[in-house]
Amino acid sequence: MDFLGAFHPLVLHVPIGALIAAFLLEMVHYFRKSQALDQSVKIVLGFSAFTAIIAAIFGIFLSQKGGYQGLTLQIHQWSGIGVAVLSTMFFFLKSRLNSQSVWVAWGLNLTFLTIAGHFGGSLTHGEDFLLKDAPDFIKETFTSQNGSPLFIHPDSVDVFLDIIQPIAREKCNSCHNTNKKQGSLDLSEASTWKKGGKSGELFDPENTMQSLLLHRIFLPLDHEEHMPPKGQEQLIPSEVALIEWWLEHGMPFDKKVSDLQSNSRIVQILNSNFRPLDPYQVITVDPVDQSILDEFRANGITALTISRKSPLIEIRLAGVDTIGSDKIELLKKARDQIVKIDFQASGITNDHLKEIASFPNLIHLSLQQTNISNGAILNLKDLKYLQHLNVHSTSISDESIADLMALDKLRSLYLWNTNFSSEGIEKLKLARPNLELGELN
Amino acid sequence: MSTDHTNWNRRDFLYGLGSSIGAVALSSLLACERKTGQLVSKGPLSPSAPMVRARAKYCIFLTMEGGPSHIDTFDPKPQLDKYHLTKFQRQGEKFSAMSSGDRYFVRSPFSSRKVGKSGVDMSEPFVHLADVADEICFYRGCQAESVNHPTAMYHINTGNRFGGEPALGSWISYGLGTMNENLPAFVVLPEVAYPQGGPGNWSNGFLPAHYQGTPLRPEGSPILNINPPPGVSRYHQEESLELLQRLNREHQKMHPYHDELSARIENYELAYRMQMEVPDVIDIEGEDEKTKELYGVGQAETDVFGRKCLLARKLVEQGVRFVQVYSGGWDSHDFLERAHGNLITSIDKPIAGLIKDLKRRGMLDETLIIWSGEFGRTADNGVRENGVAYGRDHNPDAMGMWFAGGGVKAGHIIGATDELGQEAIEIVHPLRDLHVTLLHLFGLDDNKLTYFHGGRHKQLSQFGGQVIKEVIA
């Protein structure tokens, strides 16, 4: 039975082709009635029905063998049996149906065929096989947006969810998923990773580098236990390096990149794969009224949209001695639109910054050559897009390290000519190896 | 862009009639664009948003006048050692008198080495620039068209070899205005001897006169008469300027389309505002000693260029869009080792200092630095003064240039010249593509940044060009 079951993937394509061919012949017959065509439809339909029955039986054998289960299988199984039953009935009853019922029968048959085909495909190639390589605009239409997009710094990436899981989805899950547990192994979520498969647990804490997972990956390609199997898409070296790095740290499921020690190769791989999404493209707001921008200008505030079509606004208050709460109040009128403020050499104070921190979409903040002091940075902790912060030539010092480290979206930080000690800088570099610190001397 | 459409003169009226219904539709479209595009349209130099999000907001164009040799700076050709002093003849229509006749190859007097993590090439006399090699994107594929200095200078500066057209800085200030209305948008720091072609190299051409480059004098006070004469208080000056402006405005009412007149009015206002701002900005003595030392200010070889680079940084920091810094005398037809050697030393430390300073201040991201001459030099030389001269001729087919900061691929070499450095062979682009790329980095589209003059919409590239995608990060 197992032997016959293996023929299911081979046989199943025959009724698909034949049924569609019969339908095409029927359409031609509709437009150009002829006895011969009507006969042909019957012959091809009969052939489809026969092969559909064989395919269904072989399919049941294959499902008995195991490795497949779940709702997807159920739908596939019953819709496949449906195709076999419907096409057989159709073949025997066709001559008794009136012309309208014939089209209804065709519709029913083809619908079942499509359902059986699609869920069969999902079983073999994984749930998302159809849309995996589709252009983005199609994907967006068909998939729900869950999870936050990755506009975070590589350091804050979740090792399992954002790095390992996507690799598995690409290269492992077509065989090791909830429905099709080849070798009783399911690699679709953390709990089942931990469980392992028929050959045992994937991770060996005693001998990390000899763990089953790595062992299978490193076996020669020709070895029958090599994973992914020969003929399937293989892991690329950077993916192997990431998996190795993950196991080296004890195969953790709840750690961020910054929690693990990374060498330069890993940093390089992460930087090229986890280019954070551009917040300029993520933030969607309505444009402010022109009168507000005119009001800004009348009050000595230079305000520009970042491009002629964008609603996002840049503010320049560089060199303005007295900022005053009136100016800050004014800026609040565009609080959602303002993404950048340049306070260079202005009279900005820590108190003003408390207000500025309520501008949710701030990406770029320039505070260099001002009188801000250590307390200032704490105010910025809720800015979820803040990527660039310039505090050169201020009195900021080591006291602000913890507050700076909490700004986890930060990508560049300019600290030249501040009161930081070299130990402080080292500490910051160690904690945030990807943070661009510019030239410090 | 800033033309006032409420007044119509005869010429506009006829243009309007001529283009009839189509023009009606178009001008309403344009009016819409203006409304959304230019947020505040007060003066001609008011800042305006770029067409698309810009990678660069400021530009410092380090112009090496005379044509620096790519072979002896950033594009070494060790093959030349083999052919050194090998004689040959070159004829043909394509070659100028200068590059025809009896010739011999000349090897570089300098050895070269790989520098930085990215391993880019730099000749030995570049000592300090090697520290910042990883910030630089070297481009070897550019080709000029002219072999003569003035025409080649006009070409790289204005996009047109004949001169008389707006300079790069003028186009950019026309497109984007200035971020600091107390300072000009386009400032030029020339040598004591102006470059070949003179002030035409920073002319506003056919653009309104507000967009011309403002040269700062390299010696003495950078701007003459910036301070009121003794005995005149700021109050008195304001009063008399006010009178002058009132008279000018009366006069302007009779000539609403007189460009130079409105520029003059604007200039008086700007000059008055500059009196407040400029003395601070141009006073580099106020910088701390360490910073001056970083640029080589105070050291004999680097003082002149170092001051200009430091001034360029101060100007950009204050919101000047485009600063052009000249270094002259790169036309080494002979005594290559001495001439190029000294020139390299004179710019090496100042440019390295500039890049470091911009970087630590967080300004390099938004500031595009361009280093280029008007053309490159040949691998060979002609017989001069009846004998062998170790120098090089003008070469428009290959040149060296580099970019740093503002959205370019740092630590890369883009394009290539042939094995002797005679001709660009990979990622080859004409100068107009450099101009299109420059505008692109500023968020401006060369095909849309046009000005109606002489019966057609003129643009910097003259007739369109390509963005050099390979240099963009």
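Every number in this text was worked out from the coordinates using simple rules, so none of it is lab data. Here the structure is a predicted model, which is why all the values come from computation and not from measurement. Cβ placement follows ideal geometry from the backbone for every residue including glycine, while neighbour counts extend to all protein chains displayed.
If you place +1 on the Cβ of every Lys and Arg, -1 on the Cβ of every Asp and Glu, and leave all else neutral, what size is the dipole of the protein assembly as shown about its Cα centre, to the nearest 20 Debye?
In debye, rounded to 20, the protein assembly as shown gives about 2660.
Taking the alpha-carbon distance from residue A:309 and a cut-off under 25 Å, which lysines remain once sequence neighbours fewer than 8 residues away in the same chain are dropped?
A:332, A:333, A:340, A:384, B:35, B:42, B:57, B:448, B:458, B:469
Please tell me the relative contact order of segment B:72-200 in percent, rounded to the nearest whole number, where contacts are Cα pairs under 8 Å and at least six residues apart.
Relative contact order for segment B:72-200 comes out at 16 percent.
Loop only by DSSP, 14 or fewer other Cβ within 10 Å of the Cβ. Give me the chymotrypsin sites (Phe, Trp or Tyr not before Pro) in segment B:254-345 that pass, ordered by residue number.
Those that pass, being in a loop and sparsely packed, are B:257, B:335.
What is the helix-to-structure angle for A:422-431, meaning the angle in degrees between its Cα long axis and the longest Cα principal axis of chain A, kept from 0 to 90 and rounded to the nearest 10?
10
Could you tell me the distance between the Cα centroids of segment A:338-417 and segment A:228-249, to the nearest Å?
One Cα centre to the other: 40 Å.
Calculate the mean, over all residues of peptide B:46-54, of how many other protein chain Cβ atoms lie within 10 angstrom of the residue's Cβ.
Mean partner-chain Cβ count within 10 Å for B:46-54: 5.
Rounded, prolate or oblate for chain A? Axes are the square roots of the Cα gyration tensor eigenvalues, ordered a ≥ b ≥ c, and the cut-off for rounded is a/c under 1.5.
Oblate is the answer for chain A, as a/c is 1.5 or above yet b/c matches or exceeds a/b.
Give the relative contact order (percent, whole number) for chain B; include only Cα pairs under 8 Å separated by 6+ residues.
Computed value for chain B: 27 percent relative contact order.
Quick one: A:401, B:60, fewest Cβ neighbours within 10 Å first, how do they rank?
Taking fewest neighbouring Cβ atoms as first place, the list is A:401, B:60.
Between the helical axis of A:99-125 and the dominant principal axis of chain A, each derived from Cα atoms, what acute angle in degrees is found, rounded to the nearest 10?
50
By its C-alpha gyration tensor, with a ≥ b ≥ c as the square roots of the eigenvalues, how is segment A:2-125 shaped: rounded for a/c under 1.5, else prolate for a/b larger than b/c, else oblate?
Note, shape of segment A:2-125 comes out prolate.
Say the dipole of segment A:2-125 comes from +1 at the beta carbon of Lys and Arg and -1 at that of Asp and Glu; which of A:98, A:110, A:15 then lies farthest toward its positive end?
A:98
Largest first and to the nearest Å, give the Cα extent of the protein assembly as shown along each principal axis.
Result for the protein assembly as shown: principal-axis Cα extents of 112, 72, 69 Å.
Treating only the Cβ of Lys, Arg, Asp and Glu as charged (+1, +1, -1, -1), what charge dipole size does segment A:2-125 show about its Cα centre? Round to the nearest 20 debye.
280
What size of dipole, in debye to the nearest 20, comes out for chain A about its Cα centre when the only charges are +1 on Lys and Arg C-beta atoms and -1 on Asp and Glu C-beta atoms?
The calculation lands at about 1860 debye.
Suppose a student asked you for the relative contact order of segment A:2-125, using Cα pairs under 8 Å spaced at least 6 residues apart; what percent would you report?
30
Place +1 on the Cβ of every Lys and Arg and -1 on the Cβ of every Asp and Glu in chain A, take the dipole about the Cα centre, and give the residue among A:270, A:31, A:179 whose Cα lies farthest towards its positive end.
Result: A:31.
Towards the positive end of the charge dipole of segment A:299-425, with charges on Cβ (+1 Lys, Arg; -1 Asp, Glu), say which of A:350, A:338, A:324 has the farthest Cα.
A:338
DSSP loop trypsin sites (Lys or Arg not before Pro) in segment B:100-208 with at most 15 other Cβ atoms within 10 Å of their Cβ, which ones?
When the trypsin sites (Lys or Arg not before Pro) of segment B:100-208 are filtered for loop state and at most 15 Cβ neighbours within 10 Å, B:117 remain.
In whole angstrom, note down how far apart the Cα centers of segment B:420-458 and segment B:40-102 are.
Cα centres, segment B:420-458 to segment B:40-102: 14 Å.
For segment A:286-316 and segment A:170-200, what is the centre-to-centre distance using only Cα atoms, to the nearest Å?
54
Based on the mean of other beta carbon atoms within 10 Å per residue, what is the order of A:301-307, B:94-100, most packed first?
A:301-307, B:94-100
Within 10 Å of each Cβ in peptide B:176-184, how many partner chain Cβ atoms are there on average? Round it to a whole number, please.
Taking all residues of B:176-184 together, the mean is 2.
To the nearest whole number, what is the average tally of beta carbon atoms from other chains within 10 Å of the beta carbons of peptide A:414-424?
2
Taking square-rooted eigenvalues a ≥ b ≥ c of the alpha carbon gyration tensor, is segment B:332-458 rounded, prolate or oblate, where a/c under 1.5 means rounded and, failing that, a/b exceeding b/c means prolate?
Oblate, since a/c reaches 1.5 and b/c is not below a/b.
Name the residues whose placed amide hydrogens come within less than 5 Å of the amide hydrogen of residue A:336, ignoring near sequence neighbours (fewer than 5 apart) on the same chain.
Close amide H contacts, sequence-distant or interchain: none at all.
Of all GluC sites (Glu not before Pro) in segment B:321-426, which ones are in loop regions per DSSP and have a Cβ with at most 11 other Cβ atoms within 10 Å?
Hits after loop and neighbour filter: B:385.
Relative to the longest principal Cα axis of chain A, at what angle does helix A:264-273 sit, 0 to 90 degrees, rounded to 10?
So the inclination is approximately 70 degrees.
Could you list which residues have their amide H under 5 Å from that of residue B:95, counting only those 5 or more apart in sequence or on another chain, with H placed in the peptide plane?
none
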